[in-house]
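To start, the structure under review is shown below, and the notes come after it.
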Amino acid sequence: RVKDSLNIWRVQFNIRGHNDDIARQKTGFFLKHRKQVVIQHFNLAPRVNLLEGVTDIISVADVVVASCGTATLEAAAVLCPMVIIYTGTWMMRFEKWVRRFRVEFAGMPNIIAGKEVVPELIDTRATPEAIAGEVLHLLEDAAAKEAMRERLAAVRAQLGAPGVSGRVADMALEMLHS
């Protein structure tokens, strides 16, 4: 979605404007459409490395900004600090309001742990400024980043040995039936 892509760029500019040293740190961007055009247009080639495959990107990233879904589990598996974001359509927010629908957590690491392991910025809380603030906190505070890695290690331990997809599917079915 164009709006989400523009917000990601606003987050990047908020981070870069905050501290030039942060702009020089390793950064991985996974751009679905027109990667090269965007990089050339914004003159980002000196600071952006394009990698293929989500796991490759996550494994070298200092921090990941991920939408709810399996990417959050992949980041948890490699103990990569992250911020989970999700913005739905106005119709989804309206339906949630009408039905008084409330879920405690949206990100898989938090759902599995039953508590907040990584920050979640959902719907109107997922502003570029809020996302940049969370990312900056993790980039600048080594203790906070290490504490998150420890919490992610506990989530990874809960998932256990290979075959996690089946176990996560079982957990999801169990949640639906309870």
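The values are calculated or read from the model by the stated rules, or taken from the named source; none is laboratory data. Small disclaimer: the values here were computed from a predicted structure and weren't measured. Reconstructed Cβ throughout: ideal geometry from the backbone, glycine too, with neighbour counts over all protein chains shown. With ligands, DNA and RNA removed, areas are computed over all heavy atoms of the protein, side chains included. Shrake-Rupley method; radii C 1.70, N 1.55, O 1.52, S 1.80 Å.
Quick notes
- Meets criteria (surrounded by 13 or more Cβ atoms within 10 Å (Cβ to Cβ), in contact with a Gly (Cβ under 6 Å, 6 or more places away or on another chain) and among the hydroxyl-bearing types (Ser, Thr, Tyr)) for residue 72: yes
- From 75, 130, 147, residue being in contact (Cβ under 8 Å) with a residue 12 or more places away in the chain and either of a type in the set (A, V, I, L, M, F, W, C) or over 20 Å from residue 172 (Cβ atoms) (or both): 75
- Residue 147 meets the conditions (1) out of contact with any strand residue (DSSP E or B) (no Cβ under 9 Å at 6 or more places or on another chain); (2) more than 18 Å from residue 69 (Cα to Cα); (3) open to solvent by 50 Å² or more (accessible area, probe 1.4 Å) in every case but one. The failed one is (3).
- Of all residues in the stretch 113-127, those that are within 16 Å of the chain's Cα centre (by Cα) and within 30 Å of residue 173 (Cβ to Cβ) total 10.
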